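Here, each number is a calculation from the coordinates, and none is a lab measurement. Since we're looking at a predicted model, the values are computed, not measured. Note that we place each Cβ from the backbone using ideal geometry, even for glycine, and neighbour counts take in every protein chain shown.
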Amino acid sequence: MTLKKKWQVWTVFVFLAVAMTWPQMILCAEKSVRVGVYENSPKVFIDEKGRPGGLWVVILDDMAAKENWNLIYVPGNWQQCLDRLESGEIDLMMDIAYSSEREARFDFNQVKVLSNWTVVYVHENQDITEIGDLENKTIAAMQGGIETKIFKQFDIPCTFVETLSYEEAFLAVDQGRAAAALISQFYGITHEDLHKVKRTSIVFSPLKLHFAATKGRHLDLLAAIDTHLQSMKADKVSIYHQELKKLLGGEEKEILPTWILYCLLLGSFLLLSILVFTLLLKRQVQAQTRELKSREERYRLHFENVSDVIYSLDQEFRVVDISPSVERLFGYTAEELAGKPFPDLNLLAPEDMDRAVSDTLKLLSGEKVPPTVYSFVKKDGQRILAEINSNVILKNGMVEGIVSVGRDVTDREQMSILTKELTSVLQIEQNKLSAAFENMDFGVVICDGKAGNI
């Protein structure tokens, strides 16, 4: 074989080798992803050495290692990150609350990462306990944050001071430039002790936090994130649950015993004590269990046969539970209403819907709402008047939902209206009679017929 032919053979061989390995080289190539990061510790932050950290960064780093992404973190304040994401200067944004307005600007992943609330903080010397106390006050809120728009729905006249971060919002309260600040619950819990502020019971705006990408550009990136999130959430020992545990309750530290022998002896003694204690309390526990079952049965019978309607709503106004008595009052079975958003049930008369939503938002914010009468529409179209008495459901100091009792007061309200109308008519007739007496041309004397006394 001549040298020229050998060269041609080697050229073909090299070409085929490159052609066969090229797809794998493409698959193995790193994909660069520019990620916006802002200060909102402990969820996401830049530490003193300039390194990004927090739950969002940790779980995204874990995904990137599995997907072969090259993450480029781009620091900035909240508004800068939003602007960069919209313009395409960055590809991905962490810790962004979903809203229909933002969905028009960005693409969101489907699986929720966290839920968050907004807490109103005030200066430690301020006497502000209810949302109505914020009337005509100056409130600091982060620029571009969704909290401000939601707060404005309460129709509380006030002035807003925009800040670039939650830290600046706290400083505005410290320095007297604002009476209150709208702060993320996670940021507030970890930073409130560093400022001259106190947390109020005014809590609102349950937010669902997601990843977001530039509109129409990175749907494959968001789909991969959802796949990893579903896997992380299903695995209780995943990096997601480890970081969530740190975020909510602090990281547990393992403490090694100093006197191992002493601990073993003490442990043995405690084990024996527990065994004895368990045997002694066995009958008592069984008796308490029977009593609890009996109480549960009594409660169930009361719940199913009570004449008033008892129901509970979650934070998104969905009907969590409702008593069977709803069928007698409104014509719907409990199964027809459970699990559905209350505004979609068409139970409330249209003219009372806005008032009812406003009252519910007041309750969720910590404000007390007295028993209120609304007009309802039954399944057969008939209208009735019902008095609603509501209270919030608290869990670990946080509002979880609302429980309400509804009572038919149609007869009472109609009787009240009739009484007012009759009183008005009697007053008019009395006035006419008084006027007639005053205009008579002769005197009228009323005497006792027997004694002749006037």
Output the direction-averaged projected area (hull surface divided by four) of the convex hull of the alpha-carbon atoms of segment 308-360, in nm².
-> 3.6 nm²
Between S231 and L426, with labels modelled 7 Å along Cα→Cβ, what's the label distance in nm to one decimal, could you check?
-> 8.0 nm
From phi via Karplus (6.51, -1.76, 1.60), per-residue ³J(HN,Hα) for segment 404-418 in Hz, x at Gly/Pro = 9, 10, x, 10, 6, 10, 4, 4, 4, 5, 5, 5, 4, 5, 5
Once the piece of chain linking V285 and C263 is laid out straight, how much longer is it, given 0.36 nm per residue of separation minus the C-alpha distance between them?
-> 4.9 nm
Count the lysine pairs in segment 106-259 whose Cα atoms lie under 17 Å apart, taking only pairs 8 or more positions apart in sequence or on different chains.
-> 14
Amide proton proximity set for V37, modelled H, under 5 Å, gap of 5+ = V74, G76
Per-residue HN-Hα couplings for segment 108-117, Karplus 6.51 cos²θ - 1.76 cosθ + 1.60 at θ = phi - 60°, whole Hz, x for Gly and Pro?
-> 10, 6, 8, 7, 5, 8, 8, 10, 9, 10
Whole-Hz Karplus ³J(HN,Hα) for segment 91-101, in order, using 6.51 cos²θ - 1.76 cosθ + 1.60 and θ = phi - 60°, x for Gly and Pro?
-> 9, 9, 10, 9, 6, 10, 6, 6, 8, 4, 5
Once L219 and M353 are pulled to full extension, the length gained, defined as 0.36 nm per residue separation minus their Cα-Cα distance, is 44.4 nm
Among I96, I131, Q110, the residue whose Cα sits farthest towards the positive end of the charge dipole of segment 94-167, when +1 is placed on the Cβ of each Lys and Arg and -1 on the Cβ of each Asp and Glu, is Q110
Averaging sequence separations of C-alpha pairs under 8 Å and six or more residues apart, then dividing by the length of segment 93-220, give the relative contact order as a whole percent.
-> 47 percent
Which whole-number value in Å³ per residue fits the convex hull of the alpha carbons of segment 345-434?
-> 132 Å³
Burial ranking of peptide ranges 325-336, 132-143, 153-164, 411-422 (average Cβ count within 10 Å, highest at the top) = 132-143, 325-336, 153-164, 411-422
V409's amide H: which non-local residues (gap 5+, or another chain) put their own amide H closer than 5 Å, with H modeled 1.01 Å from N in plane and none for Pro or chain starts?
-> L385, A386, E387
Here, K198 and D47, labelled 7 Å along Cα→Cβ, have an inter-label distance in nm of 3.5 nm
For labels at I393 and D314 in the simple 7 Å Cα→Cβ model, what's the distance in nm?
-> 1.0 nm
Which residues qualify? For F160, with a placed amide H closer than 5 Å and at least 5 residues away or on another chain, they are I139
Globularity index of segment 102-187, i.e. its alpha-carbon radius of gyration over 2.2 N^0.38 Å | 1.16
